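One structure follows; several queries about it will come next.
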Amino acid sequence: MTSGRSPPYMHPPARSMPRIVAVGFRRINKMLQELAPVVADRAVVDVLDVGFEEAVARVKALQARQPVDVVVAAGSNGGYLRQHLDVPVVLVKVGGFDLMHALAQARRVSDRIGLVTYDGMAPDLQRFEQLFDFAIAQRSYRTEDEARACVRALQQGGTEVVVGSGVAVDVAEQLGLTGLFLYSMDAVREALADAVEVARAARIQQAKRERLNTLLAQLSDGVIAVDTQERIETLNPAMAQWLGIDAGAWQGRRLSAACPELSLQSTLRLGLPELEKIERVRGRQLIVNRIPIVEQGVLTGAVLSAQDAVAIQRVDRHIRARAHSQAASARYDLSQLAGRSAATQRVQALALQCAHSSATVLLLGESGTGKELVAQGIHRASDRRDMPFVAVNCAALSETLLESELFGHEEGAFTGARRGGKIGLFEAAHKGTIFLDEIGEMPLALQTRMLRVLQEREVLRVGAVEPTPVQVRVIAATHRDLAEQVAQGRFRLDLYYRLNILRIEVPPLRERLADIPDIAATLLAKVRERLGTGEGKGWGAVWQALMAQAPHHSWPGNVRELDNLIERLVVCVPPAAVLSSAEATQWLRELAPELCAVPGAVQSPSGGEDRQDIGGRDGRAHALRPAQRLSEREHILATLAECGEDKALACQRLGISRTTLWRKLRAG
């Protein structure tokens, strides 16, 4: 900063506010300095005491660090900045009141007045001369040199007072004339206020553009938007990738010249949409839509959207595969519920009775007990066997997605809604059965809609106004205690009563241990078929060891756990190995330590186990060593010692979680 210039006003940085740079020499600079704090609550204002080339350089330097929204300047300085900056420049304008006030002051000094203005004559000057009955010599300029020449010419003509811009006043005073500054504080204040509004509007438009660009960037469709001259305004990344170009390089180019196959000239000329046209562009087959953009009845441009034909074919295959899987009949019947125990026979008989009714069925039981097999068996045994069986896990989807999946949606119901709408699973199961697994996890908001479906037998799609009647049998399943859920306010009482019409409790595997051989044999056959393996030489001994140990395990994972264990054994036991009974037991201990954690368990007379349990109703209970009559804490400590204080291994052997282990050790 050179000496003699006032220090620039610099507003504290604020990234969220518009940034204005005010530029001016001497008198105008002083006004800008005084008035900048007035708009400090709405914009960041930097005041610079420079002009012309130096002002351009300073503004560009500031802009390199942080974007400048608007520049404020006056006279020739402002005109120069407008020509050399790509930032909006708001000029300090002289109003009629400013002109009259300055001329009235000049009249008090002399009748020989000259007016020097930038770029044009004052339009109201003639009326002012007639009103006050004195002549004013008027000159205008565009450059600083022209301003000096104008003042000298006025001096030679006898002018004694010069009214004008800062440049003109400075020259007049240098020549010994009286100079009166034309710009007022009100004019500067108004220019700053206008600059704030320009900056605010620009920020709003920029935010809209950024939001639009962000949305377009997420689209898998290619998009190009043009103005009325077919100049490219927007081109999203998907389209740029298909065309193999840099999107920025095409900005402002005519689309028909850059890519004739995608031309929008016809759309701009006729103003009519052109939909689903197949175009081959850069070796890629695209399905193209051309739409005119009409704003307030005026054609302002056009937009082209394109989809990759290969991607559409892939999605079509996915939809057809999904529709087939949803509409397919159930795979299991009740005879495949393996086991000859009284509990299993009771479930089969009750399920067969339920199959003869169309009432809603509620299946209760721990995870992995085979509730879906029972549901499919009921469907297969009913008169709906040839109709769709549709299954959905209510815990696997978010609330919004589950609502759309269950009830479907209309076209345009929400952002990303499928064109033409989407059928819901209730409609897909029409005249068949829908299986709602994990119904206890359904959000409360959807429980209300579910209640209406069960009551009225009609579905209202998301975004629709007219319901669709459905004839569907509902089977719901949960591992939770719904009565307790109701008491806690997590499940609607009225929905619970609508579901709890026909009720089947599927017992856990630990309550039907006699079924393990039959279930295991069925699972073994399926695993071998899936893996393509035969029976190994040592498998008989492993099977005997498994059957001997299985009744002493609590099976927290139920049939699913048994299935996983059998597959683990089939994969890991060497098929060519000839194993003795002791070797098979050792293999079992190494591959399934959780199964062999309790070698001392004793059978009770009833066929179950006389055991002490760790855990509780969470299904993770495991038998301790009742034969030795150790306390629970002593058994846990002994197991920890056997595992070398490895808590993870101890938990695995005990069949409990680390949280339960910590709690029981602390309680002891």
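The values are calculated or read from the model by the stated rules, or taken from the named source; none is laboratory data. Predicted model only: the values in this text are computed from it and were never measured. Cβ sites come from the backbone with ideal geometry, for glycine too, and all protein chains shown count toward neighbours. Remember, those area values only see protein heavy atoms, side chains included, never the ligands or the DNA or RNA. Shrake-Rupley method; radii C 1.70, N 1.55, O 1.52, S 1.80 Å.
Can you run down the residue pairs with Cβ atoms below 8 Å, 6 or more apart or on separate chains, where the first is in the stretch 203-214 and within 15 Å of Glu233 (Cα to Cα) and the partner is not in a helix (DSSP H, G or I) and not small (Gly, Ala, Ser)?
Leu212/Thr234; Asn213/Thr234; Asn213/Asn236
Further question: Within the stretch 33-51, count every residue that is in contact (Cβ under 8 Å) with a residue 60 or more places away in the chain and either farther than 16 Å from Ala193 by Cβ or not small (Gly, Ala, Ser) (or both).
6
Let me ask something additional. Which numbered condition in (1) closer than 30 Å to Ala349 by Cα; (2) open to solvent by less than 50 Å² (accessible area, probe 1.4 Å) is the only one that Arg510 fails?
So the condition that Arg510 fails would be (2).
Quick one: which of Asp494, Asp481 is closer than 23 Å to Ala396 by Cβ and acidic (Asp, Glu)?
The unique qualifying residue is Asp481.
Gln652 passes all but one of (1) modelled with pLDDT under 75; (2) in a loop (DSSP other than H, G, I, E, B); (3) surrounded by fewer than 17 Cβ atoms within 10 Å (Cβ to Cβ); which number fails?
Here Gln652 meets the rest and fails (2).
Scan the stretch 337-352 and tell me whether some residue there is under 36 Å from the mean Cα position of the chain (by Cα) and open to solvent by less than 10 Å² (accessible area, probe 1.4 Å).
no
Could you run through the stretch 154-177 and say how many residues are among the aliphatic types (A, V, I, L, M) and in a loop (DSSP other than H, G, I, E, B)?
Going through the stretch 154-177 one residue at a time, the tally reaches 2.
Does Leu286 satisfy the condition of being modelled with pLDDT of 85 or more, outside any helix (DSSP H, G or I) and under 32 Å from the mean Cα position of the chain (by Cα)?
yes
So, one more: What number goes with the only condition from (1) over 33 Å from the mean Cα position of the chain (by Cα); (2) open to solvent by 50 Å² or more (accessible area, probe 1.4 Å) that Val472 does not pass?
Among (1) over 33 Å from the mean Cα position of the chain (by Cα); (2) open to solvent by 50 Å² or more (accessible area, probe 1.4 Å), Val472 violates only (2).
A further question on this structure: Which residues, taken from the stretch 523-536, are crowded, with 16+ Cβ neighbours inside 10 Å and of a type outside the set (D, E, K, R)?
Matches in the stretch 523-536: Leu523, Leu524, Val527, Gly536.
Right, next: Would the stretch 530-537 turn up any residue that is among the aliphatic types (A, V, I, L, M), in contact with a Leu (Cβ under 8 Å, 6 or more places away or on another chain), closer than 30 Å to Lys371 by Cβ and part of a helix (DSSP H, G or I)?
No.
Same structure, new question: If you go through the stretch 492-520 one residue at a time, how many are without any contact (Cβ under 8 Å) to a residue 12 or more places away in the chain and in contact with a helix residue (DSSP H, G or I) (Cβ under 9 Å, 6 or more places away or on another chain)?
Of the residues in the stretch 492-520, 1 are without any contact (Cβ under 8 Å) to a residue 12 or more places away in the chain and in contact with a helix residue (DSSP H, G or I) (Cβ under 9 Å, 6 or more places away or on another chain).
Does Ser184 qualify as being touching a residue at least 12 places away in the same chain (Cβ under 8 Å), small (Gly, Ala, Ser) and open to solvent by 80 Å² or more (accessible area, probe 1.4 Å)?
So Ser184 does not fit the description; no.
Also, I was wondering about something else. Taking Leu304, is it closer than 29 Å to Gln206 by Cα, assigned to a strand (DSSP E or B) and in contact (Cβ under 8 Å) with a residue 12 or more places away in the chain?
Spelling it out, Leu304 is indeed closer than 29 Å to Gln206 by Cα, assigned to a strand (DSSP E or B) and in contact (Cβ under 8 Å) with a residue 12 or more places away in the chain.
From the list Leu397, Leu401, pick out the single residue that is modelled with pLDDT under 85, open to solvent by 30 Å² or more (accessible area, probe 1.4 Å) and part of a helix (DSSP H, G or I).
Answer to the check: Leu401.
Which one is farthest from Thr214 (Cα to Cα) among residues in the stretch 263-275 that are of a type in the set (A, V, I, L, M, F, W, C) and either in a strand (DSSP E or B) or open to solvent by 20 Å² or more (accessible area, probe 1.4 Å) (or both)?
Leu270
Could I ask something else about it? Take the stretch 238-262 and flag every residue that is open to solvent by less than 70 Å² (accessible area, probe 1.4 Å) and free of Cβ contacts under 8 Å to residues at least 24 places away in the same chain.
Ala238, Ala240, Ile245, Ala247, Gly248, Ala249, Trp250, Gly252, Cys259
Right, next: Of everything in the stretch 191-222, what is over 20 Å from Met17 (Cβ atoms) and in a helix (DSSP H, G or I)? Give them in sequence order.
Leu212, Asn213, Thr214, Leu215, Leu216, Ala217, Gln218
On to the next question. Can you tell me which residue within the stretch 542-556, out of those that are touching a helix residue (DSSP H, G or I) at 6+ places or on another chain (Cβ under 7 Å) and open to solvent by less than 20 Å² (accessible area, probe 1.4 Å), is farthest from Glu529 (Cα to Cα)?
Ranking the qualifying residues of the stretch 542-556, first place goes to Ser554.
For residues in the stretch 569-611 being open to solvent by 60 Å² or more (accessible area, probe 1.4 Å) and part of a loop (DSSP other than H, G, I, E, B), which is modelled with the highest pLDDT?
Across the stretch 569-611, the extreme among qualifying residues is Val578.
If Gln345 passes every condition in (1) more than 26 Å from Glu466 (Cβ to Cβ); (2) touching a residue at least 24 places away in the same chain (Cβ under 8 Å) but one, which one does it miss?
The one condition Gln345 does not meet is (2).
Suppose we filter Ala545, Ala550 for residues that are farther than 14 Å from Leu509 by Cβ and not hydroxyl-bearing (Ser, Thr, Tyr); which single one remains?
Sole residue among the options that is farther than 14 Å from Leu509 by Cβ and not hydroxyl-bearing (Ser, Thr, Tyr): Ala545.
While we're on this one: Looking for whichever is more than 21 Å from Ile516 (Cβ to Cβ), modelled with pLDDT of 70 or more and in a helix (DSSP H, G or I) here; the options are Ile636, Ile566. Which one fits?
Within the list Ile636, Ile566, the selection yields Ile636.
Let me ask you something else. What's the number of the condition Val226 fails, among (1) surrounded by fewer than 14 Cβ atoms within 10 Å (Cβ to Cβ); (2) touching a Leu at 6+ places or on another chain (Cβ under 6 Å)?
The failed condition is (1).
Let me ask you something else. Would you mind stating whether Val171 is touching a Lys or Arg at 6+ places or on another chain (Cβ under 6 Å), among the aliphatic types (A, V, I, L, M) and at pLDDT 85 or above?
In short, no.
Inside the stretch 39-153, counting only helices (runs of 4 or more DSSP H) that do not spill past its ends, which hold 3 or more residues that are open to solvent by less than 20 Å² (accessible area, probe 1.4 Å) and either under 17 Å from Val167 (Cα atoms) or at pLDDT below 85 (or both)?
Per the criteria, 75-84, 96-109.
Looking only at the stretch 475-505, how many residues end up being open to solvent by less than 40 Å² (accessible area, probe 1.4 Å) and in contact with a strand residue (DSSP E or B) (Cβ under 6 Å, 6 or more places away or on another chain)?
Adding up the residues that qualify gives 5.
For the list (1) at pLDDT 90 or above; (2) in contact with a Ser or Thr (Cβ under 6 Å, 6 or more places away or on another chain), I need the number of the one condition that Ala338 fails.
(1) is the only condition that Ala338 fails.
Check off (1) open to solvent by 30 Å² or more (accessible area, probe 1.4 Å); (2) among the small types (Gly, Ala, Ser); (3) in contact with a helix residue (DSSP H, G or I) (Cβ under 7 Å, 6 or more places away or on another chain); (4) modelled with pLDDT under 50 for Gly616 and give me the number that stays unchecked.
(3)
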